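The values are calculated or read from the model by the stated rules, or taken from the named source; none is laboratory data. Just so we're clear, the structure is a prediction, and the values are computed from it rather than from any experiment. Don't worry about glycine lacking a Cβ; one is built from the backbone with ideal geometry, like all the others, and counts go over all protein chains shown.
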Amino acid sequence: CGYKYMIDPLLVALHRTDCGSYLLLSLSSPSQTYFSATMTDSSCSECIKGTIHSGQPKGTEELIHGLNTYVIGNRINPRGIIVIYSDIFGLALPNNKLIADAYAASGQWLVYLPDFFHGDPVDLKVADALLPVDAAAQSTFAKYTGILASMPTFLMWRTRHKHADVEKTCIDFLSSLRRATPDKKIGIVGFCWGGRYAIRAGMAQHQISINNTATPLIDAVVALHPSNMVLPDDVMELVVPVSYGWGAQDIAVSYATRGKIEKFHEEERGRGKRVPEMKHCRYEPGRHGFAVRGIRVMRGRGGVWRRRRGRPWSGWRSGFRWDWVEIVSAEFIFAHCV
């Protein structure tokens with residue numbers, strides 16, 4: 001999406017090799033491998049085919065500011081702190097921990113993946129029915145029987161995680177983190193369900209007083225396929241930069257949401273209000289969950305956006321097939337959390 005910042009981007013891709021193993025690679029340094037593992041759990045692969053990544057997370061789970069939190073990275077002198085607000089599958093989905101590992105791989109960042117669901121994420125078995133890997137390949141019968149079977153479980157989960165309680169859990173954690181580390185930059189990356197609350201954390205109403213100064217809870221936000229947004233309420237009075245990631249073929253989060261947000265912020269500027277930097281990135285084909293669940297992309301075209309360190313985007317890297325791509329938009333966070 002043409003970022004102008006050059007600060008150590010960490011874009012990673014999940015490449016499935018011909019022998020069935022998976023490699024998490026750095027796109028800013030394609031020769032670097034973060035993990036290599038082989039899918040061997042047939043029950044998981046049948047439950048959510050192609051969506052649960054295999055690998056051994058390197059971090060630890062600890063109690064941080066009242067929440068069980070997956071922690072990894074530089075604890076001594078980090079350049080900043082990255083908080084991940086996961087999708088509804090939480091710490092139970094290996095992908096979420098592996099993303100945290102990828103953020104921390106440079107050795108510069110301390111990464112927190114809190115259990116904002118208090119040990120009650122959505123069961124992984126629901127994932128493929130509600131968010132199929134390839135909706136076009138799913139039969140009508142499988143689609144509707146799967147949804148009917150899974151919907152009661154999901155709806156019951158929603159009743160246990162109401163908006164006010166969910167937001168309070170997030171804000172309380174970030175408030176405690178900000179007070180404990182007032183001199184550190186803090187960025188938050190939210191995926192799907194977590195995207196909405198990551199954005200809302202950047203509102204003026206959630207600022208706290210640090211040394212008698214109104215201080216935002218975080219310094220930058222990345223929201224990837226943010227779901228359940230209420231407009232314009234969820235994007236009003238933002239006081240920190242936000243980068244949004246939208247999927248062109250997202251069946252759960254309409255791409256039209258982007259235009260509505262852009263229009264609202266343009267109207268805000270027209271009324272003389274200050275609107276922080278807003279970035280909007282479009283991902284192709286961008287099926288829902290593309291940033292977490294390894295959605296198949298770019299069939300028949302091999303290639304992926306890459307960036308050379310210290311140089312502008314150079315376009316498609318051809319001649320190397322990437323069957324599965326997991327886009328991790330940490331660059332925006334890095335640029336604003338120095």
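The requirement of being farther than 21 Å from Met229 by Cα and at pLDDT 65 or above is satisfied by Arg178.
Have a look at Ser209, Ser176 and point out the one that is more than 30 Å from Cys281 (Cα to Cα) and touching a residue at least 12 places away in the same chain (Cβ under 8 Å).
Details: Ser209 fails: touching a residue at least 12 places away in the same chain (Cβ under 8 Å).
Of the residues listed, the single one that is more than 30 Å from Cys281 (Cα to Cα) and touching a residue at least 12 places away in the same chain (Cβ under 8 Å) is Ser176.
For the stretch 140-154, the criterion of being farther than 30 Å from Arg75 by Cβ, at pLDDT below 75, crowded, with 17+ Cβ neighbours inside 10 Å and out of contact with any strand residue (DSSP E or B) (no Cβ under 8 Å at 6 or more places or on another chain) is met by at least one residue.
Among residues of the stretch 67-95 being touching an Asp or Glu at 6+ places or on another chain (Cβ under 7 Å) and not aliphatic (A, V, I, L, M), the one that is nearest to Lys125 (Cα to Cα) is Gly90. Taking the conditions (1) at pLDDT below 95; (2) over 17 Å from Trp246 (Cα atoms); (3) not hydroxyl-bearing (Ser, Thr, Tyr) in turn, Leu217 satisfies each one other than (1).
Does Pro226 qualify as being surrounded by 13 or more Cβ atoms within 10 Å (Cβ to Cβ), modelled with pLDDT of 95 or more and touching a Gly at 6+ places or on another chain (Cβ under 6 Å)?
On the way: surrounded by 13 or more Cβ atoms within 10 Å (Cβ to Cβ): yes; modelled with pLDDT of 95 or more: yes; touching a Gly at 6+ places or on another chain (Cβ under 6 Å): yes.
Against the criterion (surrounded by 13 or more Cβ atoms within 10 Å (Cβ to Cβ), modelled with pLDDT of 95 or more and touching a Gly at 6+ places or on another chain (Cβ under 6 Å)), Pro226 qualifies.
Looking only at residues in the stretch 56-74 that are under 13 Å from Phe116 (Cα atoms) and aliphatic (A, V, I, L, M), the one that is surrounded by the fewest Cβ atoms within 10 Å (Cβ to Cβ) is Leu63. Checking Asn77 against (1) among the polar types (S, T, N, Q); (2) within 19 Å of the chain's Cα centre (by Cα); (3) outside any helix (DSSP H, G or I): exactly one of these is not met. Which one? It fails just one condition, (2).
Looking at this structure, is Val242 in contact with a helix residue (DSSP H, G or I) (Cβ under 8 Å, 6 or more places away or on another chain) and either of a type outside the set (Asp, Glu) or modelled with pLDDT of 80 or more (or both)? Taking the combined requirement at face value, the residue satisfies it. Exactly one residue out of Leu231, Leu217 is in contact with a Lys or Arg (Cβ under 7 Å, 6 or more places away or on another chain), in contact (Cβ under 8 Å) with a residue 40 or more places away in the chain and among the hydrophobic types (A, V, I, L, M, F, W, C): that is Leu217. Might you check whether a residue that is touching a Pro at 6+ places or on another chain (Cβ under 9 Å), modelled with pLDDT of 80 or more and surrounded by fewer than 22 Cβ atoms within 10 Å (Cβ to Cβ) occurs anywhere in the stretch 299-307? No; the residues of the stretch 299-307 include none that is touching a Pro at 6+ places or on another chain (Cβ under 9 Å), modelled with pLDDT of 80 or more and surrounded by fewer than 22 Cβ atoms within 10 Å (Cβ to Cβ).
Out of the residues in the stretch 247-292 that are part of a loop (DSSP other than H, G, I, E, B) and free of Cβ contacts under 8 Å to residues at least 12 places away in the same chain, state the one that is nearest to the chain's Cα centre (by Cα). Among them, the one singled out is Ser254.
Tell me which residues, restricted to the stretch 109-139, are closer than 23 Å to Leu63 by Cα and at pLDDT below 90.
Pass one, the stretch 109-139, residues closer than 23 Å to Leu63 by Cα: 109-123.
Listed by number, the list holds a single entry, Asp123.
Counting only residues that are under 26 Å from Arg178 (Cα atoms) and of a type in the set (A, V, I, L, M), which one in the stretch 231-267 is surrounded by the fewest Cβ atoms within 10 Å (Cβ to Cβ)? Spell out the reasoning first.
Step one: of the stretch 231-267, the residues under 26 Å from Arg178 (Cα atoms) are 233-245.
Applying the additional criterion that residues be of a type in the set (A, V, I, L, M) yields 235-236, 238-240, 242.
Working: Val235: 27, Met236: 15, Leu238: 23, Val239: 18, Val240: 22, Val242: 24.
Restricting to residues being under 26 Å from Arg178 (Cα atoms) and of a type in the set (A, V, I, L, M), the top hit is Met236.
Screening the stretch 164-211 for residues that are in a helix (DSSP H, G or I) and hydroxyl-bearing (Ser, Thr, Tyr) and picking the one that is nearest to Asn95 (Cα to Cα) gives Tyr197.
Whether a residue is small (Gly, Ala, Ser), over 25 Å from Arg79 (Cβ atoms) and modelled with pLDDT of 95 or more was assessed, and Ala204 passes this test.
Mind checking whether some residue in the stretch 86-109 is more than 15 Å from Val292 (Cβ to Cβ), in contact with a Gly (Cβ under 7 Å, 6 or more places away or on another chain) and not in a helix (DSSP H, G or I)? Spell out how you get there, then give the answer.
Start the filter on the stretch 86-109 by keeping residues that are more than 15 Å from Val292 (Cβ to Cβ), which leaves 104-109.
Still in the list and also in contact with a Gly (Cβ under 7 Å, 6 or more places away or on another chain): 104, 109.
Among the residues that remain, those that are also not in a helix (DSSP H, G or I) are: 109.
Taking every residue of the stretch 86-109 in turn, at least one turns out to be more than 15 Å from Val292 (Cβ to Cβ), in contact with a Gly (Cβ under 7 Å, 6 or more places away or on another chain) and not in a helix (DSSP H, G or I).
Take the conditions over 17 Å from Leu224 (Cβ atoms) and at pLDDT 80 or above and apply them to Val275. Does it pass? Taking the combined requirement at face value, the residue satisfies it. The residues in the stretch 103-115 that are of a type in the set (A, V, I, L, M, F, W, C) and surrounded by fewer than 24 Cβ atoms within 10 Å (Cβ to Cβ) can be counted, and the count is 3. Among the residues of the stretch 187-223, the one identified as farther than 22 Å from Lys273 by Cα, surrounded by fewer than 24 Cβ atoms within 10 Å (Cβ to Cβ) and among the β-branched types (Val, Ile, Thr) is Ile210. Every residue in the stretch 163-187 that is closer than 16 Å to Thr213 by Cα and of a type in the set (Asp, Glu), please. Passing the criteria: only Asp183.
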